[in-house]
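The values are calculated or read from the model by the stated rules, or taken from the named source; none is laboratory data. Please read these numbers as outputs of a predicted model, since none were measured by experiment. As a convention, Cβ positions derive from the backbone with ideal geometry for all residues, glycine included, and neighbour counts pool all protein chains shown.
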Amino acid sequence: MNSETSNSNNIKKIAIGTVTSVAVCSLLFIIIVQSVKASVINKTKIIPTTYSSTAVNVKKITIPKDNVKTEYNIRITDRSYKPTAKDISAKAAAALGIQDIRRLFGTGANLKGKIIDMAYWAVNPNTPHAQWAGDITIGKNLSYFFVVNSVTGECVNTGRNRYLNVDRSIDMDKALMGTMQDYKNLAIKIAKKYNLVSGKIVSAEYRGQGAVSNSTGRNSTMDILVKSESGQQTLITFSRHNQEFLGVQYDQWIKDSKSIKPLSPEEIKKLLAKSSKSSKSPHSKK
């Protein structure tokens, strides 16, 4: 998420009940992960990279082929934990995340010269699996983000934040409840197109509304949970403004979210305060 993103706005939408329990855990965590970019300091490590993206193997993990040559820099935030010997490198994780971004959103994103902010998160009560999280700012109104399992290389959360300069409320839209089938149909179409779940799709369910905003714009969102006969699930996010596909939380992310203890209103308030303080203090430490 963009460093200018209003974390307060995101979490407040969750806190007032516009998103269900699955999305609560997921969005709160991704907000924390993506907000690490605001804490980058001068001693941040810069890793120049060039990928032709052709069958690069890291611990039996194969990066999908991509004919688009990518030149970018990886920046490890100062709030990143130290990976273990079992974890893939930040370079490999970034390449895998970018491949998934391209798979879902096309190759239109020009990453040449862009910085990918990376943070490693070790296993803890709120992170059942060790992960690499990446954030790419394309411009004031667009950023991409991804979360990759640092051991398996599996993409567990991939999306984009698009901030629109529109005069429209980002509060919960009750009127949409009567036209929910449109979003369900879109979610099923996306799930089939990108093989987001294995097996026949058996249901698509409404899972909540939310919003993101920064200093230049905002966007309201809709979450639809798609389930397959194999038991796999995926949470697909769309813009409520124009039904644009914004991202996907894969099966592992959803399972991990369910295993996390739900936050109380008091804990959410503390998280809001901590996130706000961290964003304002570029020299804060983990």
*Please determine, by comparing only the residues of the stretch 91-115 that are β-branched (Val, Ile, Thr) and over 20 Å from GLN249 (Cβ atoms), which one is surrounded by the most Cβ atoms within 10 Å (Cβ to Cβ).*
ILE115
*Based on what the data block shows, is ILE88 part of a loop (DSSP other than H, G, I, E, B) and either within 24 Å of TRP253 (Cα to Cα) or in contact (Cβ under 8 Å) with a residue 12 or more places away in the chain (or both)?*
yes
*Selection count, the stretch 214-228, where residues are at pLDDT below 90 and either closer than 18 Å to THR158 by Cα or aromatic (Phe, Trp, Tyr) (or both)*: 0
*Kindly check whether there is at least one residue in the stretch 152-170 that is crowded, with 17+ Cβ neighbours inside 10 Å, more than 27 Å from HIS241 (Cβ to Cβ) and either in contact (Cβ under 8 Å) with a residue 60 or more places away in the chain or in contact with a strand residue (DSSP E or B) (Cβ under 7 Å, 6 or more places away or on another chain) (or both).*
yes
*asked:* Would you confirm whether or not the stretch 196-208 contains a residue that is touching a helix residue (DSSP H, G or I) at 6+ places or on another chain (Cβ under 8 Å) and within 21 Å of VAL166 (Cα to Cα)?
replied: no
_Taking the conditions exactly as written (modelled with pLDDT of 90 or more and either in contact with a helix residue (DSSP H, G or I) (Cβ under 8 Å, 6 or more places away or on another chain) or of a type in the set (Gly, Ala, Ser) (or both)), does ALA109 satisfy them or not?_
no
*For ASP66, which of the numbered conditions (1) modelled with pLDDT under 90; (2) under 25 Å from LYS258 (Cα atoms) fails to hold?*
(2)
*Could you tell me whether GLN209 is more than 20 Å from ASP256 (Cβ to Cβ) and surrounded by 19 or more Cβ atoms within 10 Å (Cβ to Cβ)?*
yes
*Among the residues of the stretch 226-259, how many are under 16 Å from the mean Cα position of the chain (by Cα) and either in a strand (DSSP E or B) or under 25 Å from HIS129 (Cβ atoms) (or both)?*
19
